[in-house]
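Colleague: This is the structure I want to talk about, given as structure tokens.
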Amino acid sequence: MAAPSPRNLSAQQLADISPIGTAVLNSRDEILFLNRRFRELMTCQSRRAFDGWSQSIARGDYDRVAAVYDNALKANKALRIEYRTCDEPCQWRLLMLTPFGEEELRGLPLGPGGGSYCTITDITEEKRAEISQKKIAEEAQRRKEQQERFIDMISHEVRNPLSAILHCTEDILEAVQQKDRRNIRVEDIAQAAETISLCVAHQKKIVDDVLTFSKLDAEMFTLLPQRVQPRQHLAMSLMMFRPELRKHNIDFEYKLDHSYADCGVDWVVADLDRMSQVLVNLVCNAIKFTAKAGDEKKISVFMGASKVRPTSYPPNVVFFSSDESALRLNATNRIWPKKM
């Protein structure tokens, strides 16, 4: 049988070829014409178009779609809205409602009140691509923010040992440039050189962290717990501040809380390198603001222990706190502009 020529194709046949569901509605939402695709989208037979396909709308979108559809129909206004279906897997549809103009109404038997041209289009692939692109953009933004926080932290940690090295070199130069060489104290130079060595070691750890970070996928740091003695390890980390404390005439004390002895702590399994970084940052900021205080300037660091894990903190988390009783900070003098 020969295929009909384009001239012999009816409007119904042309409409049935379209992949878009199409219907002509009067002002009472009654269907006067629909194509095959629109019929396929209908879940039940009904005089009202909305009742015929509304059961396919996902429960979370139904009230929203029903409200705007009813308002657009009553106001005889155009509507464009996307919604999900209750199919599995979820499908996406685009509903468009376009009122007929005066010239168009003259050739259509719609009766008083006019009518609308309704189309329903499957946009599942487009929406999935849009959602996927959004997730990719959000992940890129999250990684960018992680990198910014990482750079902020690294910049702060690099500055701490550099400041100590600067003060130590000033002390050494001041000593060797004295006219009377008999007043040179070799012990002071040796102590300054030892502090420089500690700072260089600390900076090497920072560089190692940067190299480690480049190999990680969406992680900031990896913890490497080792069997260590916190009392000695943390004390060594604090030695780099001696020149700066001396420059600002700040008294400093590092003591063990009685709880440390009560618990009988000696060797523990922990990543003290990470803990030292936090402690160094706290002490650095304490020096920064204590240096601006009055005549009596003092910084105290205490280390304690507990056999009972605090219930207010998640497991496997080391936490630090600072006492600001000696120095009150206002909103403009906050130590940390960002939380880490």
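Colleague: Looking at this structure, is LEU73 in the same structural domain as GLY114 (by the TED database), part of a strand (DSSP E or B) and modelled with pLDDT of 85 or more?
Modeller: So LEU73 does not fit the description; no.
Colleague: Provide a single number: the residues in the stretch 26-69 that are of a type outside the set (A, V, I, L, M, F, W, C) and either on the phi > 0 side of the Ramachandran plot or in a helix (DSSP H, G or I) (or both).
Modeller: Final tally of qualifying residues: 17.
Colleague: Would you check which residues across the stretch 239-295 are of a type in the set (Phe, Trp, Tyr) and assigned to a strand (DSSP E or B) and list them?
Modeller: PHE252, TYR254 - these are the residues of the stretch 239-295 that are of a type in the set (Phe, Trp, Tyr) and assigned to a strand (DSSP E or B).
Colleague: Go through the stretch 31-59 and count every residue that is more than 46 Å from the chain's Cα centre (by Cα), at pLDDT 85 or above and either charged (D, E, K, R) or farther than 24 Å from PRO99 by Cβ (or both).
Modeller: Number of matching residues: 1.
Colleague: Can you confirm whether LEU166 is touching a strand residue (DSSP E or B) at 6+ places or on another chain (Cβ under 8 Å), at pLDDT 80 or above and in a helix (DSSP H, G or I)?
Modeller: Judged against the criteria, LEU166 is not a match.
Colleague: Here is a follow-up. Given the condition crowded, with 17+ Cβ neighbours inside 10 Å, within 38 Å of the chain's Cα centre (by Cα) and modelled with pLDDT of 85 or more, answer yes or no: does some residue in the stretch 260-275 qualify?
Modeller: No, there is no match, as no residue in the stretch 260-275 is crowded, with 17+ Cβ neighbours inside 10 Å, within 38 Å of the chain's Cα centre (by Cα) and modelled with pLDDT of 85 or more.
For every residue, the table says whether it meets (1) under 30 Å from ASP188 (Cα atoms); (2) touching a Ser or Thr at 6+ places or on another chain (Cβ under 8 Å).
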site	(1), (2)
LEU108	no, no
CYS118	no, yes
ARG128	no, no
LYS135	no, no
GLU138	no, no
GLU145	no, no
ASN160	yes, no
GLU170	yes, no
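Colleague: Would you be able to tell me the number of residues in the stretch 193-238 that are assigned to a helix (DSSP H, G or I) and either over 21 Å from LEU282 (Cβ atoms) or at pLDDT 70 or above (or both)?
Modeller: Of the residues in the stretch 193-238, 31 are assigned to a helix (DSSP H, G or I) and either over 21 Å from LEU282 (Cβ atoms) or at pLDDT 70 or above (or both).
Colleague: Taking the stretch 102-143 only, how many residues are in contact with a Lys or Arg (Cβ under 8 Å, 6 or more places away or on another chain) and modelled with pLDDT under 85?
Modeller: 1
Colleague: For a quick check of your reading of the model, give me the residue pairs whose first member lies in the stretch 85-114 and is in contact (Cβ under 8 Å) with a residue 12 or more places away in the chain and part of a loop (DSSP other than H, G, I, E, B), whose second is of a type in the set (Lys, Arg) and surrounded by 12 or more Cβ atoms within 10 Å (Cβ to Cβ), with beta-carbon atoms closer than 6 Å and at least 6 apart or on different chains.
Modeller: CYS90/ARG84
Colleague: Next question, about the same structure. Test GLN178 against the stated conditions and say whether it is outside any helix (DSSP H, G or I), farther than 20 Å from ASN249 by Cα and not assigned by the TED database to the domain that holds GLU244.
Modeller: yes
Colleague: Only one of these conditions is not met by LYS247: (1) surrounded by fewer than 17 Cβ atoms within 10 Å (Cβ to Cβ); (2) at pLDDT 85 or above. Which number is it?
Modeller: For LYS247, the exception is condition (2).
Colleague: Somewhere in the stretch 176-192, is a residue surrounded by 13 or more Cβ atoms within 10 Å (Cβ to Cβ), under 16 Å from PRO243 (Cβ atoms), touching a Lys or Arg at 6+ places or on another chain (Cβ under 8 Å) and at pLDDT 80 or above?
Modeller: Yes, the stretch 176-192 contains a residue that is surrounded by 13 or more Cβ atoms within 10 Å (Cβ to Cβ), under 16 Å from PRO243 (Cβ atoms), touching a Lys or Arg at 6+ places or on another chain (Cβ under 8 Å) and at pLDDT 80 or above.
The values are calculated or read from the model by the stated rules, or taken from the named source; none is laboratory data. A quick note: this is a predicted structure, and the numbers were derived from the prediction, not measured. Glycine also receives a Cβ, built like all others from the backbone with ideal geometry; neighbour counts cover every protein chain displayed.
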